[in-house]
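Below is one structure, written out as structure tokens, with a few remarks after it.
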Amino acid sequence: MGSLIHYRIEPTFLFSQSPYVMSKKLVIALGGNALGASPEEQLSLVKGTASTIVDLVEEGYEVIIGHGNGPQVGMVNLAFEFSANNNSGTPPMPFPECGAMTQGYIGYHLQQAIERELAHRKIDKHVASIITQVVVDKKDPAFKRPTKPVGMFYSKEKAEEIASQTGYTFVEDAGRGYRRVVPSPEPVKIVELPVVEQLIKNHCIVITVGGGGIPVVEKRQGDYQGVAAVIDKDRASALLALELKADMLVILTAVEQVAINFNKPNQQDLSQITIGEAREYIHQGHFAPGSMLPKVEACINFVENTTNGTALITSLDKARQAIDGMTGTRIVKDPI
């Protein structure tokens, strides 16, 4: 009788360079709590953000990162606007360029923090930030109804003066003065998607669609023109997840779980909801338009249009546990 031969199977890390290893693909949308309102605050906050990202990389996930830029683009726009309006000789900065600037410096901060964490853990992986354009439809109804406040507060007289000179739209904002508002159209196409795909194939951590992407309209094939608008970063991240055929869209925000009756005595945290249940909760008015509503809608869009993907909403500090199914709120397809 022959002797038994014992085989020891070595673990294979999913982020290895082997072409035969398939890793799960996560698109992670970072909310404002993962970043900062100033460069100094952001440099501090992204250390924790990087630790969470590298935790997932270490577990073998292929990670693609989207992020917001609301406070940052407002800060950049405000600085140029204030300077231009106070005889400094600085020209006004077009809004798409302000978005590009914030993509650059937020990406730079994230890159540095993630690279530092990778080096600390001796993980050989590269990080790349892509200045990303996102096509919107010039006929999108949002262009007729600007709603996104940006920049500084003005008196009514000053706002009317600037509007007459520039064509900007101003609205009164919460009794504090008048602010410029820009449209928030739906994302249609990610221009740099092929570049993102190539980087993922080479196992890079990619930072893209920053601030929802720089909004552009396509005048003709390959000819893009920036427009003054803000694309919701969760909707852009959902489109990215669909185009990349991601296994999961993860939206990180300030709360661990989505809730109905939020901040009321009968608040109920939700571990998992179907698309149908999510739509019913939206109809009942449970999710605030400027807060949880666009996140839930982005998740619905992703799950509804993917074959096997799921969507998850949770907080940054609970991301790892939530992806493992221990917390967070998952949005899944309705049972057949």
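The values are calculated or read from the model by the stated rules, or taken from the named source; none is laboratory data. Keep in mind the model is a prediction, meaning the values are calculated, not measured. Cβ sites come from the backbone with ideal geometry, for glycine too, and all protein chains shown count toward neighbours.
A few points about this structure:
- Counting the residues of region 127-151 that are exposed (fewer than 15 other Cβ atoms within 10 Å of the Cβ) and under 20 Å from the mean Cα position of the chain (by Cα) gives 1.
- Matching residues in region 205-251 - criterion: being assigned to a strand (DSSP E or B) and either small (Gly, Ala, Ser) or within 18 Å of Ala100 (Cα to Cα) (or both): Val206, Ile207, Ile214, Pro215, Val216, Val217, Glu218, Asp223, Tyr224, Gln225, Gly226
- Here the condition is being within 30 Å of Tyr61 (Cα to Cα) and in contact with a Lys or Arg (Cβ under 6 Å, 6 or more places away or on another chain); of Val191, Val182, Val135, Val206, it holds for Val135 alone.
- Residue in region 58-78 that is more than 30 Å from Glu197 (Cα to Cα), surrounded by fewer than 14 Cβ atoms within 10 Å (Cβ to Cβ) and touching a residue at least 60 places away in the same chain (Cβ under 8 Å) present: no
- Which listed residue, of Val206, Val217, Val188, Val227, is among the aliphatic types (A, V, I, L, M), touching a residue at least 40 places away in the same chain (Cβ under 8 Å) and surrounded by fewer than 18 Cβ atoms within 10 Å (Cβ to Cβ): Val188
- Among residues of region 258-292, those that are assigned to a helix (DSSP H, G or I) and among the small types (Gly, Ala, Ser), counted: 2
- Residue in region 25-55 that is surrounded by the fewest Cβ atoms within 10 Å (Cβ to Cβ), counting only those that are in contact with a strand residue (DSSP E or B) (Cβ under 7 Å, 6 or more places away or on another chain) and at pLDDT 90 or above: Lys25
- Filtered by the rule that a residue be touching a helix residue (DSSP H, G or I) at 6+ places or on another chain (Cβ under 7 Å) and farther than 15 Å from Val209 by Cα, region 81-115 gives Thr90, Pro91, Pro92, Met93, Phe95, His109, Ala113, Ile114.
- Subset of region 56-89 [modelled with pLDDT of 85 or more and not in a helix (DSSP H, G or I)]: Glu59, Gly60, Tyr61, Glu62, Val63, Ile64, Ile65, Gly66, His67, Gly68
- Complete set of residues in region 293-318 that are under 15 Å from the mean Cα position of the chain (by Cα) and either of a type in the set (D, E, K, R) or in a helix (DSSP H, G or I) (or both): Leu293, Pro294, Lys295, Val296, Glu297, Ala298, Cys299, Asn301, Phe302, Leu316
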